[in-house]
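Undergrad: There's a structure below that I have some questions on.
The values are calculated or read from the model by the stated rules, or taken from the named source; none is laboratory data. Here the structure is a predicted model, which means the values were calculated and not measured. We place every Cβ from the backbone using ideal geometry, glycine too, and count neighbours over all the protein chains shown.
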Amino acid sequence: MSIMRHTLPIAPQFYVTAPQPCPYLDGRMERKLFTALQGDHAQKLNDTLSKQGFRRSQNVLYRPSCAECSACLSARIRVADFVPSRTQKRIVRRNMHLRRNATSPWATEDQYALFRRYLDDRHADGGMADMDIFEFAAMIEETPVRSRVIEYTTSQPDAQTRSLTAVCLTDVFDDGLSMVYSFYDPDLAAQSLGTYLILDHIEIARDAGLPFVYLGYWVPGSRKMGYKAGFSALEIYKAGQWQPIGDPADHRAELHPLSVDPISEQVARISLPEARLARD
């Protein structure tokens with residue numbers, strides 16, 4: 001009996017959310033293009049679409065597709081070319097006492113307690129402000145792809161226990177690490193933990209031989225996202241390709257409505273992976 005091999009495309013359905021207030025730019029409305037992430041090919045789809053500016057939230061892949069601008073630009077760091085600044089070197093030294101522990105994506109009460117403190121201090125009026133422990137557990141655990149929870153702990157004065165200081169939910173791609181969501185102790189602002197988590201993920205990727213660390217979106221004109229432009233070897237996904245960010249001021253045109261392509265054209269340009277299926 002012979003086996004015939006057929007190459008068939010993975011063809012997910014894409015949808016668009018209703019407009020809602022933009023969390024990054026005042027007075028703007030956002031909408032997202034999204035598709036379900038499920039089935040045997042979830043990992044392959046996640047890898048492929050993430051290279052085209054998509055992000056994962058539980059079992060959904062999404063990319064901003066706003067009517068008024070195209071300012072949300074997916075960002076990643078080229079690990080081999082990254083050189084820390086003097087300030088970033090100081091941040092690493094400041095946090096050398098932290099212990100890193102990568103675990104399976106399981107939510108804990110300690111994580112949720114830290115998450116709540118972080119939200120209440122930094123994002124009390126954000127879209128996640130009312131998230132309860134069950135929704136938090138879903139955010140961490142409902143993943144159909146390779147994910148890790150990376151915890152950072154510090155020793156207590158008695159040296160017998162360690163307290164949870166920072167957490168990052170991280171996806172593992174075939175070409176890098178994606179920092180899906182991170183949070184940390186808001187009382188330790190002087191330690192610049194948000195920056196430190198990125199710097200440590202660069203080291204994790206380097207040790208694993210992975211070329212990129214994906215940071216989510218960089219938004220020109222947004223103070224919330226401005227810090228990402230401070231990392232060397234930063235690339236953004238723009239006009240269908242990855243390119244060095246260059247001067248951040250050069251991307252102001254993305255705030256204009258004429259920078260937006262119709263939804264049908266955006267979907268038509270998405271490259272999809274192929275699934276090889278065997279049949280007798």
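Undergrad: Please find, among 116, 148, 162, the residue that is among the charged types (D, E, K, R), under 27 Å from residue 231 (Cα atoms) and surrounded by 15 or more Cβ atoms within 10 Å (Cβ to Cβ). So that I can check it myself, show each step before the final result.
TA: Values: 116 fails: under 27 Å from residue 231 (Cα atoms); 162 fails: under 27 Å from residue 231 (Cα atoms).
Only one candidate qualifies: 148.
Undergrad: Would you point out which residue out of 61, 33, 73, 25 is buried (at least 18 other Cβ atoms within 10 Å of the Cβ), of a type in the set (A, V, I, L, M, F, W, C) and farther than 27 Å from residue 246 by Cβ? So that I can check it myself, show each step before the final result.
TA: Working: 33 fails: farther than 27 Å from residue 246 by Cβ; 73 fails: farther than 27 Å from residue 246 by Cβ; 25 fails: farther than 27 Å from residue 246 by Cβ.
Just a single option satisfies the conditions, and that option is 61.
Undergrad: With the checklist (1) touching a residue at least 24 places away in the same chain (Cβ under 8 Å); (2) in a helix (DSSP H, G or I); (3) over 16 Å from residue 83 (Cβ atoms) in hand, flag the one item residue 202 doesn't pass.
TA: (3)
Undergrad: Here's a follow-up. Among the numbered criteria (1) out of contact with any helix residue (DSSP H, G or I) (no Cβ under 8 Å at 6 or more places or on another chain); (2) touching a residue at least 24 places away in the same chain (Cβ under 8 Å); (3) surrounded by fewer than 20 Cβ atoms within 10 Å (Cβ to Cβ); (4) within 21 Å of residue 262 (Cα to Cα), which single criterion is violated by residue 18?
TA: (2)
Undergrad: With (1) assigned to a strand (DSSP E or B); (2) loosely packed, with under 12 Cβ neighbours inside 10 Å as the list, and residue 217 as the residue in question, which single condition is left unmet?
TA: Only one criterion is unmet by residue 217, namely (2).
Undergrad: Which pairs do you get when a residue that is closer than 18 Å to residue 225 by Cα, found in region 68-90, comes within reach of a residue that is in a loop (DSSP other than H, G, I, E, B), reach meaning Cβ atoms under 6 angstrom, with the pair 6+ apart or on two chains?
TA: So the pair list comes out as 70/260; 71/219; 71/220; 72/219; 74/53; 77/231; 77/233.
Undergrad: Can you tell me which condition residue 28 does not meet? The list is (1) among the basic types (Lys, Arg); (2) closer than 28 Å to residue 151 by Cβ; (3) modelled with pLDDT under 95, and all the others hold.
TA: Every listed condition holds for residue 28 apart from (2).
Undergrad: Here is a further query. I'm told residue 57 meets every condition in (1) more than 20 Å from residue 211 (Cα to Cα); (2) among the polar types (S, T, N, Q); (3) at pLDDT 95 or above except one. Can you identify the failing condition by its number?
TA: The one condition residue 57 does not meet is (3).
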